[in-house]
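Where a number appears in this text, it was derived from the coordinates with a stated rule and is not lab data. The structure presented is a predicted model; accordingly, all values stated were derived computationally and were not measured. Backbone-built Cβ (ideal geometry, glycine too); neighbour counts: all protein chains shown.
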Amino acid sequence: GENVEQHPSTLSVQEGDSAVIKCTYSDSASNYFPWYKQELGKGPQLIIDIRSNVGEKKDQRIAVTLNKTAKHFSLHITETQPEDSAVYFCAATLGNFNKFYFGSGTKLNVKP
Amino acid sequence: DVKVTQSSRYLVKRTGEKVFLECVQDMDHENMFWYRQDPGLGLRLIYFSYDVKMKEKGDIPEGYSVSREKKERFSLILESASTNQTSMYLCASAGTVSETQYFGPGTRLLVL
């Protein structure tokens, strides 16, 4: 089955700096890659996603890039703010019945 | 907006008790999922359902069962709770294949 690895497990940045979180996947048939943000005490919330026919997608300060050849995708957050502090999860899916394979999560701390 | 609700935010149960966790979604989604979330392990799929009365085992189904009698409701059952089932339980729902999953706020279960 699919295997998703996520790095780093923790990331600390200064407010205003950029943050990058990387994920690799094993199954080249995976075709949808969402990113979730989980704040303390809450369920994961989708923040951005990308499909396998697209190389990059942006939404304000957040962007995701996908390299299908290397089988990795990354989340980029620019101009980080304290409210960006949370745990971020990547996921990959082959599309069959929506079974998602999640990374182990990255705890992002943005220092004011 | 998609809304996924879970019956309890916090639960404390004793070893051997039967535990019911309920999840309701309001978007007429076909697919529903139960995950458990543990530190360092990310989200692990317990069971999922792609239609009423249909269920499929996920990656860690042992010690759990599920019920889906109505499209909007998906229940997770711990037949005889054990201390190693202390965890955060997350419910999610999704529409057609490859559409993203929407999560509830989670239930933090403590088994004593």
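Quick notes on this one:
- Cβ-based exposure ranking for B:L112, A:L66, A:L11, in which fewest neighbours within 10 Å come first: B:L112, A:L11, A:L66
- Coupling constants for segment B:45-55 follow from the phi torsions by the Karplus curve (6.51 cos²θ - 1.76 cosθ + 1.60, θ = phi - 60°), and in residue order they are 7, 8, 8, 9, 9, 10, 5, 4, 6, 10, 8 Hz; glycine and proline get x.
- Residue by residue, segment B:103-112 carries 3J(HN,Hα) couplings of 9, x, x, x, 10, 8, 9, 10, 10, 9 Hz when phi is fed to the Karplus relation 6.51 cos²θ - 1.76 cosθ + 1.60 (θ = phi - 60°); x denotes Gly or Pro.
- Here segment A:13-93 is assigned +1 on the Cβ of each Lys and Arg and -1 on the Cβ of each Asp and Glu. Its dipole about the Cα centre then comes out at about 380 debye.
- Over 21 Å apart at the Cα level, from the set A:K42/B:K53; A:K37/B:K53; A:K22/A:K107; A:K37/B:K13; B:K3/B:K57, are A:K42/B:K53; A:K37/B:K53; A:K37/B:K13; B:K3/B:K57.
- When the Cα atoms of chain A are aligned to their principal axes, the ranges along those axes come out at 41, 28, 20 Å in descending order.
- Sparse-neighbourhood loop sites, GluC sites (Glu not before Pro) in segment B:1-45 - DSSP loop, at most 16 other Cβ within 10 angstrom: B:E17
- Straight-line cross-link partners of A:K68 among the aspartates and glutamates, defined as a Cα under 19 Å from its Cα and at least 8 positions apart when in the same chain: A:E2, A:E5, A:D27, A:D49, A:E56.
- For segment B:24-32, Karplus couplings with θ = phi - 60° (6.51, -1.76, 1.60), whole Hz, Gly/Pro x: 10, 10, 10, 10, 6, 6, 6, 9, 9
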